[in-house]
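Each remark here refers to the structure printed beneath this line.
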Amino acid sequence: MHQDYIEPVFRPPSEGRSLILQITNGCSWNHCTFCEMYTQDQKKFRFKSFADIDIDLFHSKQSESFPKKVFLADGDAMTLSTRRLTKILILINKHYPDINRISSYCLPRNIKHKSVTELKALRELGLKMVYVGCESGDDLVLEHVHKGETYLSQRDALLKLKDAGIKTSVMILNGLGGQKFWRQHATHSAQLMNECQPDYLSTLVVSFPKGLERFKRGFKGQFSRLTQLELFEEMELFLENLQLNKTVFRSDHASNYLVLKGILGRDKDNMLEQVKQAIAHPEISPLRQEWQRGL
């Protein structure tokens with residue numbers, strides 16, 4: 001399947017069988033200190049022309065594979081105007097009339113200037129789910145990592161998407177607040193999730209493959225990484241404070257030491273017991289070794 005990609009290209013794990021359609025390059029914000037995904041020179045943000053997108057879709061159809069899902073790359077496709085997104089979704093439907101779902105990463109700021117009516121129109125054209133990296137619900141942590149968002153800006157975006165009938169898959173970063181801010185990071189992140197009731201919720205452990213210096217500068221020297229035990233204690237506090245009704249929860253990304261899966265709140269007690277077991281008896285818990293972990 002030929003695609004004219006500007007590498008590297010990232011996608012959520014659940015989009016492994018999707019057609020990855022690159023409609024933008026890089027991220028229009030690109031200031032988050034924990035993210036190294038789009039820092040290379042060739043990943044400077046720009047959007048792709050309609051003609052190039054049309055050509056990519058045409059070439060994709062020459063393959064014997066006929067995907068049921070399309071993921072709009074790169075990290076910030078939803079920053080495009082409703083008019084531009086509408087035209088792209090119409091193109092996708094022209095080439096693939098049997099597509100079941102179109103999805104995208106989505107920064108909360110992308111939603112601020114899109115009305116519920118506009119979002120509903122996008123959903124009708126197939127945009128049924130977005131992946132929202134909230135990372136934290138704590139304003140101080142968000143400020144330190146240069147997220148450019150607040151508790152309220154993220155809440156408003158998630159609730160607007162819910163009103164439009166677009167499903168949300170939210171990510172929270174375990175360990176993002178370090179040893180000084182882990183309690184408020186856990187409790188305020190849980191509060192944000194309780195208020196918004198996302199369809200899907202996942203946690204990743206914050207990782208620093210290129211070192212800590214860029215990240216530490218945002219905290220002005222107030223950041224120390226959590227140990228494995230402290231990561232579990234933060235997860236315990238996060239889960240204890242969650243009051244979700246029917247959210248699919250996954251903590252199974254390769255960065256996590258402990259794999260957790262379930263429906264919240266149905267499986268909350270069971271997952272909490274697994275975390276408590278990992279805290280009390282890590283030697284007999286099914287934990288990933290360091291060499292098994294990654295981004």
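The values are calculated or read from the model by the stated rules, or taken from the named source; none is laboratory data. For clarity, every value in this text was computed on a predicted model and none was experimentally measured. Neighbour counts are summed over all protein chains in view; Cβ atoms, including those assigned to glycine, are modelled from backbone coordinates with ideal geometry.
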Residues satisfying the stated conditions in the range 57-83, i.e. in contact with a strand residue (DSSP E or B) (Cβ under 8 Å, 6 or more places away or on another chain) and of a type in the set (A, V, I, L, M, F, W, C): 57, 70, 71, 72, 73, 77, 78, 80
Some residue of the range 111-129 being surrounded by 24 or more Cβ atoms within 10 Å (Cβ to Cβ), touching a Cys at 6+ places or on another chain (Cβ under 8 Å) and among the aliphatic types (A, V, I, L, M): no
Positions within the range 60-91 being outside any helix (DSSP H, G or I) and surrounded by fewer than 16 Cβ atoms within 10 Å (Cβ to Cβ), in sequence order: 62, 63, 64, 65, 66, 68, 81
Long-range neighbours under 6 Å by Cβ, at least six apart or interchain, first residue under 19 Å from residue 244 (Cβ atoms) within the range 149-178, second of a type in the set (Ser, Thr, Tyr) and assigned to a helix (DSSP H, G or I): 172/189
Count of the range 85-129 residues which are farther than 16 Å from residue 158 by Cα and among the aromatic types (Phe, Trp, Tyr): 1
Output for the range 31-42, where each listed residue is outside any helix (DSSP H, G or I) and modelled with pLDDT under 85: 31, 35, 36, 37, 38, 39, 40
Condition check for residue 270: surrounded by 15 or more Cβ atoms within 10 Å (Cβ to Cβ), farther than 19 Å from residue 32 by Cβ and assigned by TED's automatic domain parsing to the domain that holds residue 164: no
Residues satisfying the stated conditions in the range 194-231, i.e. surrounded by fewer than 20 Cβ atoms within 10 Å (Cβ to Cβ) and assigned to a strand (DSSP E or B): 200
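Suppose we keep only residues that are in contact (Cβ under 8 Å) with a residue 12 or more places away in the chain and among the hydroxyl-bearing types (Ser, Thr, Tyr) within the range 40-79. Which one would you say is farthest from residue 127 (Cα to Cα)?
Step by step, filter the range 40-79, then rank; the result is 63.
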